[in-house]
Amino acid sequence: MKVVWVAIFFALLTSAIPTLAVEYAVGVNVGDWIKYGEFSASWNGTGTESSPTTEMKQMAWMKVEVKNVSGTKVTIEGTTGYKNGTTAPSNITIDVATGEFMVILIPANLKEGDSIPQLHGSGTKINGTVTRTYCGASRNVNFAYIELIQETTLSRTVKVYWDKATGVAVEFYLYHSITTPTTQETFEFSYRATETNMWSPDILGLISNNFIYIAGIAVLVVIIVVGVFIIRRRKPTPTVIPTPTAVEEKPATAA
């Protein structure tokens, strides 16, 4: 678990922008938790796959829960679930003012252009705020897009979305490519938030999250209605056979 956190953390250390004078505030409370799923990881290369990438490929879910808040420091209990059914616990302390282990949590209510603090005083800026659906609700989220290219040897792209009101990460994407005289490898890794107790699902979020199922049900209903209509139109009208009118017989006349 520590290897995963360190790998993700160093993926974001890509620039040395001085931290601006922004008031950094914690946006979570003790007991808040968020769970991540939809993990996707792939590796291709000519060398030997490294242990962090092999571990990430086995991840199935991850849950983090806030255990303590003190000033700008937040203690988080993390649990990672793997595809083989095993779990691995981990505890870390995040300082939103300095940015230590800042991927999973950043200051709350940052806006476009604000710097995100990082270790050693470097920073990455918020590129913008958009509205996206996470955990069944439409949320305002901040995002940062980071790209690092070192000549022809290294290419790294990172994109992270954080819930604006709480500062928790809700989506993460990493692309890493490196070429040396002996090795060539590329790696992609992503995940997104799937459950939380920090906000409740809304109507738009439920529709967005279950659009495929709702659309399927709607199509099925239409098919049934159309089918019933066609059957009714094709059903032949029963032929009405008129009832014969009774004829009164007259008695024979004597010759």
Requested in this report: State whether the residues of the range 49-56 include one that is in contact (Cβ under 8 Å) with a residue 40 or more places away in the chain, part of a strand (DSSP E or B) and surrounded by 15 or more Cβ atoms within 10 Å (Cβ to Cβ).
Outcome: no
Query raised in the report: Got a sec? Which of Tyr145, Tyr175, Tyr161 is touching an Asp or Glu at 6+ places or on another chain (Cβ under 6 Å) and modelled with pLDDT under 95?
Result: Tyr175
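The values are calculated or read from the model by the stated rules, or taken from the named source; none is laboratory data. In this text, all values refer to a predicted model and were calculated from it rather than measured experimentally. Positions of Cβ are generated from backbone atoms using ideal geometry, with glycine treated the same way; all protein chains shown enter the neighbour counts.
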